[in-house]
């Protein structure tokens with residue numbers, strides 16, 4: 001779990017930094033930016049996770065495994081975008097703070113589903 005925390009932190013830094021740049025400072029639509037940066041962060045998280053956290057390729061071939069990670073992360077992305085929308089539009093929080101809170105809501109979802117469904121063991 002500690003290794004996954006560091007991997008998740010690295011991915012979150014990329015996600016939140018890119019989100020801040022494009023949504024807050026360049027005024028791109030925060031939902032579109034949140035979608036794209038989440039995909040980038042998910043890919044980074046996958047690569048770092050198989051290198052430092054999980055044993056990869058034990059249950060599924062690598063391409064299928066990566067597809068499953070993105071499918072599991074799809075629900076996390078929906079939760080993330082919904083949280084962003086509610087926090088920004090209804091609670092009126094700053095977009096970057098909203099992104100941080102939304103990202104925190106999916107951290108454990110990603111860890112538990114990847115550990116239980118996709119990967120068979122931790123390194």
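Remarks
- Among the residues of segment 1-55, those that are modelled with pLDDT under 90 and not in a helix (DSSP H, G or I) comprise 1, 53, 54, 55.
- Residue that is surrounded by the fewest Cβ atoms within 10 Å (Cβ to Cβ), among those in segment 21-49 that are over 10 Å from the mean Cα position of the chain (by Cα), touching a residue at least 40 places away in the same chain (Cβ under 8 Å) and farther than 15 Å from residue 81 by Cα: 24
- For residue 17: the one exception among (1) surrounded by fewer than 18 Cβ atoms within 10 Å (Cβ to Cβ); (2) over 10 Å from the mean Cα position of the chain (by Cα); (3) closer than 18 Å to residue 79 by Cα: (3)
The values are calculated or read from the model by the stated rules, or taken from the named source; none is laboratory data. Every value quoted in this text rests on a predicted model; they were computed, and no experiment measured them. For neighbour counting, all protein chains shown are included, and Cβ atoms are generated from backbone atoms with ideal geometry for every residue, glycine included.
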